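Participant: Dropping a structure here in structure tokens format, bear with me for questions.
The values are calculated or read from the model by the stated rules, or taken from the named source; none is laboratory data. Not measured: the values here are computed from a predicted model. Here Cβ is always computed from backbone atoms with ideal geometry, including for glycine, and neighbour counts include all displayed protein chains.
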Amino acid sequence: MSALTSVLSAPFRAGSALRSARVFHPRGATFEARAELESSWWPRQIPRTAPVMARVSRGIGTPDGLPDVLGLALRFPLEAGPWDILLASAYLPGRVALLPARSWSSARYSTLMAYRTDTDPLPRWITAVPLGRHSSSTTSVQALEAPMRFSLLVGSARGALEPAGHLILNREIPEADSEQPSFDPTVHCPGFVEPWPAWLREVRRDAYRASRAGRGASLTRPQHTVS
């Protein structure tokens, strides 16, 4: 598997170097946010009300007004280390079915990998659905306005999605795309959660690493502190 993932990661390194940016989700905006977790599924190590860093982004970078795969990246700054959760616009209530969205308000987000926790061995996907006012006619990053609210849900492969809390993006952090933090759900993953399936985690780990190397980014550079 390591040889295969090395081959698969090469295009990410080259693509990132050519663009001098992320291969996917090169344009986005970061926000100070807060998660209000309301489900027993969440690991007990996470406070029920937790500060979060969030990044909302466009996956491909199509012209404004055209559908794009939109992204929602979350970082929980925990005592055990950061937990990065990456979601992309998807067909819900399905799982792992990426779906380009025509606007921020119409996007429905899902993690590509499921998670198993130290108290729940069943793989479950995390999803997010916009609530209230979001830009309704465009996927332009410039159209994003805080506050933005999302409903959080979790679900197994065949089960119904269950309410799991809310996410509020409160304030945009003004910074250029090149200065925005690098999220990595394979490195920033505490020991009490396990991304599933394992083979996909390995493939994604090498792809993210190659993308950072291609654009000269690092996970260890100083990041914003969320309070």
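Participant: Output yes when any residue across segment 200-209 is touching a Cys at 6+ places or on another chain (Cβ under 9 Å) and surrounded by fewer than 17 Cβ atoms within 10 Å (Cβ to Cβ), and no when none is.
Facilitator: yes
Participant: Check segment 152-169 and report whether any residue there is buried (at least 16 other Cβ atoms within 10 Å of the Cβ), at pLDDT below 95 and in contact with a His (Cβ under 9 Å, 6 or more places away or on another chain).
Facilitator: no
Participant: Looking at residue 144, is it out of contact with any helix residue (DSSP H, G or I) (no Cβ under 8 Å at 6 or more places or on another chain), touching a residue at least 12 places away in the same chain (Cβ under 8 Å) and not basic (Lys, Arg)?
Facilitator: Yes, satisfied.
Participant: Considering only residues of segment 171-196 that are farther than 17 Å from residue 71 by Cβ and among the acidic types (Asp, Glu), which is modelled with the lowest pLDDT?
Facilitator: 179
Participant: When you scan segment 127-149, how many residues do you find that are surrounded by 22 or more Cβ atoms within 10 Å (Cβ to Cβ) and of a type in the set (A, V, I, L, M, F, W, C)?
Facilitator: 2
Here's the yes/no breakdown for (1) free of Cβ contacts under 8 Å to residues at least 60 places away in the same chain; (2) in contact with a strand residue (DSSP E or B) (Cβ under 8 Å, 6 or more places away or on another chain); (3) more than 24 Å from residue 43 (Cα to Cα):
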{"site": "71", "(1), (2), (3)": "yes, yes, no"}
{"site": "80", "(1), (2), (3)": "no, no, no"}
{"site": "88", "(1), (2), (3)": "yes, yes, no"}
{"site": "95", "(1), (2), (3)": "no, yes, no"}
{"site": "100", "(1), (2), (3)": "yes, yes, yes"}
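Participant: Report, ordered by the first and then the second residue, all pairs with beta carbons closer than 6 Å, sequence separation of six or more or different chains, a first member in segment 37-56 that is touching a residue at least 40 places away in the same chain (Cβ under 8 Å), and a second member that is β-branched (Val, Ile, Thr) and surrounded by 14 or more Cβ atoms within 10 Å (Cβ to Cβ).
Facilitator: Cβ pairs passing all conditions: 41/154; 43/117; 51/226; 53/226; 55/30.
Participant: Given the options 112, 122, name the one that is surrounded by fewer than 22 Cβ atoms within 10 Å (Cβ to Cβ), under 19 Å from residue 153 (Cα atoms) and under 14 Å from the mean Cα position of the chain (by Cα).
Facilitator: Matching residue, one of 112, 122: 112.
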